[in-house]
Amino acid sequence: MLSFTNLLGLVVLLLGVWALWVQQGDTGSRSLNLPSDLENQGPRVLKLHFAKDTGDGLLVEERTVQIAEGEYVLGRVMDELVRGPQIQGAAPLVPAGTPAPTVFLRDSTALVDLPAAYGRLNYGTKGELALIYGITNTLLEFKEIQQVKFLLEGKEVESLGHLSLLDPFKRQGQ
């Protein structure tokens, strides 16, 4: 027969089975509804932030590029940054031939995975500031991105030498 303890155990078991069923129904793989600004193909005006050739700050270059169907906009942005500036008074962020970082978008955070070559640049403080803030400010031009987090070869690193990369870089006022 069913005693009170057996009945209580049965209720707990049924609740556990129901909770497991509900959780397994939600696989956690929700479709990512990317903002339309990052999906647009065709001509796009990008605001790229490069170092000033005087070494004291950044310059913004507006560059019109053609985005092909299916092309990842943030990947193209990194390619354009690595390609270097086309305006007077600006200096490239990295030496020619340096591979472009990979960018992943998670919620409103851009995860920038720097290739191993970036760990060997041996920039001084000004060069490293220009590199990190050039990438950060360029990505923050997209309204969908609220902060930028840097990785080196897929791993968190303390710095590239001078500037702490442990915390994400956020929009002003956050």
Name every residue in segment 41-68 that is assigned to a loop (DSSP other than H, G, I, E, B), among the acidic types (D, E) and at pLDDT 90 or above, in order of residue number. D53
Which of (1) out of contact with any helix residue (DSSP H, G or I) (no Cβ under 8 Å at 6 or more places or on another chain); (2) open to solvent by less than 80 Å² (accessible area, probe 1.4 Å) is the odd one out, the single condition E62 does not satisfy? (2)
Given (1) under 18 Å from the mean Cα position of the chain (by Cα); (2) modelled with pLDDT of 90 or more; (3) assigned to a loop (DSSP other than H, G, I, E, B), where does Q86 come up short, assuming only one miss? (1)
Exactly one condition in (1) within 17 Å of the chain's Cα centre (by Cα); (2) surrounded by 17 or more Cβ atoms within 10 Å (Cβ to Cβ); (3) at pLDDT 95 or above is false for L105; which is it? (3)
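Residues are listed down the side, and each one gets a yes or a no for (1) at pLDDT 95 or above; (2) part of a loop (DSSP other than H, G, I, E, B); (3) surrounded by fewer than 20 Cβ atoms within 10 Å (Cβ to Cβ); (4) out of contact with any helix residue (DSSP H, G or I) (no Cβ under 9 Å at 6 or more places or on another chain):
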site: G127; (1), (2), (3), (4): no, no, yes, yes
site: L131; (1), (2), (3), (4): yes, no, no, no
site: I135; (1), (2), (3), (4): yes, no, no, no
site: K143; (1), (2), (3), (4): no, yes, yes, no
site: V148; (1), (2), (3), (4): yes, no, no, no
site: L151; (1), (2), (3), (4): yes, no, yes, yes
site: V157; (1), (2), (3), (4): no, yes, yes, no
site: G161; (1), (2), (3), (4): no, yes, yes, no
site: G173; (1), (2), (3), (4): no, yes, yes, yes
Of the numbered conditions (1) within 12 Å of the chain's Cα centre (by Cα); (2) open to solvent by less than 30 Å² (accessible area, probe 1.4 Å); (3) of a type outside the set (F, W, Y); (4) closer than 21 Å to L59 by Cα, V94 fails exactly one; give the number of that condition. (1)
Out of (1) closer than 14 Å to F169 by Cβ; (2) among the β-branched types (V, I, T); (3) in a helix (DSSP H, G or I), what's the single condition that is false for V112? (3)
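The values are calculated or read from the model by the stated rules, or taken from the named source; none is laboratory data. As the structure is a computational prediction, the values presented were derived from the model and not from experiment. Note: ideal-geometry Cβ built from the backbone for every residue, glycine included; neighbour counts use all protein chains shown. What goes into the accessible areas is simple: the full protein's heavy atoms, side chains included, and nothing from ligands, DNA or RNA. Shrake-Rupley method; radii C 1.70, N 1.55, O 1.52, S 1.80 Å.
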